[in-house]
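First up is the structure itself, then whatever we jot down about it.
Every number in this text was worked out from the coordinates using simple rules, so none of it is lab data. Source: prediction; values computed, not measured. As a convention, Cβ positions derive from the backbone with ideal geometry for all residues, glycine included, and neighbour counts pool all protein chains shown.
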Amino acid sequence: MSAGTRTPTDPAGRRVLSAALFASAPAEVLDFLLPLWAGSTLKAGASVVGALIAFEAVLSLIVRPLAGELADRFDQRRVAAAGAGLYALSFAGYALADSLPVAFAAAGLGGAGGALFWVALRAWTGQEARDGDGTAAYGKLLSAEGQGAFVGYLVAFSLLERSGYPALFWLGAAACVLAAGLLLRGPGRRPAARPDADAAGAGGLLRRGAAERRLLPLMVVSAVTAAAEAGLWMLLLLRLQGDLGLSPNEIAMVFAPGFVVFVLLPEHTHHLTDRLGRTPTMIASFAAGALFAAGLAVVSTPLAIAVFWTVAAACFAAQIPVEQATVAAASGGRIGRGMGLYETARLAGVVAGPLVMGVLYEELGWVAACAAAAATSAVGAVVVPFAVRVLRLPREENNAATQSVHMTEDGEDMDTSKPEPAQPSAEPALGPKEHARKERRDWYIHTVAFVLGQLVLWALDSSWLVWQITDGSVPDDQRGPLVWLGRIWLTIWVIDTIWSWSYTIWPREKKAKS
């Protein structure tokens, strides 16, 4: 199979998705636990904890452009494996840390490792995607990251009180070593450049240097909107805890529906992008972000906030993959460099957003902060058509309902009515028996994950299924977000079981995607 025709459903792609899951699980948990660990274990004050977090973020910002260059020059899976190795060393450092210098060294390794891992993994995804613009592949990757975070939090909450921070950090190091091993499997190869990557006006692909300049408007939109989202997220947590007086479990209940949506939807939202196109999908997502921020200014009940957040999470699940796919398509054959710029822009926004929004909140209040976030998302919705148009992507849409032709600066006609179509025979049709076998194999994987998750929930006395079997109901003092999530997971597993085994009972072929 030649370069540019792989997909996250082939063996190499499945290993990449598994590596993303294993690495994202401890990485996501660390973001939550790092301040708590530094304060309790190292007796660090707020300023030192802030410096530790900032040091990791700054190292990650510095290394991201370098990670993009390395991903363009060397085998991207090997670069990502190196990042996973640094991740593992970082967690080992946290496990052994008994002083601030060791903690800062671990933070630096984690920042550099995260940059190498995620930039290279997203560059590989963009290069190997089968579908025309890579949106489906990036959706699968985002879904794997969300699943990893979900598993990571379940494991962390079950181990932390029993074994303490060191055991949890060692387990995170082991997960990252496993991710590196998955990425190192199979023959290595250097990334293949796109055949027209350096040709002017070749199908919308950009020259080196020109790609970065044309990506700049989209990078600015991504950075500014990421800043508003991160800042509003921080303020919302503070509001739920302070103004509304919710406990951590009650706060988790507010965000749980949106988190489930964010985990499940990304690998399916490409169907929406295929119908609407890149630009309308991003406009709708930014508009929904503006409505979410504006709605928070006028609603105050946890239920209403949960509804707003779930809708926003669904839009983010569509927005992020199409953003990444657009960057990959516009990178002029240097996807690593493009992903490095994109990751740097978003991280810069995430770092700056909470600071700016925090000052705005303290000076002008909650409504002003929500209004600022809503205005930022609205501006993003207005600017993103221009940001995508200057990329001059092939078959990019201005209006999915009309057939129109635009001229590129090089004088070439370009159909702008639909997204770029998938390559012919991108995913061959599966016969009834082969399709049934694939569905059963996927079900086995899902079931193993479900059983492991239920075991963790049982260890936490939070398994709805075990309580129903043993006692017939869940005691009132045991009800909480984990019980609720376990019940949702059981429902999803039952539906998945019926659907997957229906292909064995009623065989039918899987049509080829074209």
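In loop segments of the range 257-322 as defined by DSSP, there are no chymotrypsin sites (Phe, Trp or Tyr not before Pro) with at most 16 further C-beta atoms inside 10 Å of their C-beta. For the peptides 26-38, 359-371, 439-451, 112-124, the ranking by packing is 112-124, 26-38, 359-371, 439-451, with the highest mean count of neighbouring Cβ atoms within 10 Å listed first.
Show me the ranking of peptides 144-151, 18-25 by mean Cβ neighbours inside 10 Å, starting with the highest.
Numbers: 144-151: 22.9, 18-25: 26.1.
Result, highest mean first: 18-25, 144-151.
Annotation: amide H-H contacts under 5 Å for Glu267 (H modelled 1.01 Å from N, sequence separation of 5 or more, or interchain): Ser143.
The loop-placed trypsin sites (Lys or Arg not before Pro) in the range 26-77, going by DSSP, that have at most 13 neighbouring Cβ atoms within 10 Å of their Cβ come out as Lys43. Stretching Val299 away from Ile492 to a fully extended chain increases their span by 66.4 nm, per 0.36 nm per residue minus the current alpha-carbon distance.
Roughly how many whole Å is it from the C-alpha centroid of the range 138-164 to that of the range 307-371? First find each Cα centre; the distance between them is then 22 Å.
Extension gain, Leu96 to Arg162, is 21.9 nm, computed as 0.36 nm per intervening residue step minus the present C-alpha separation.
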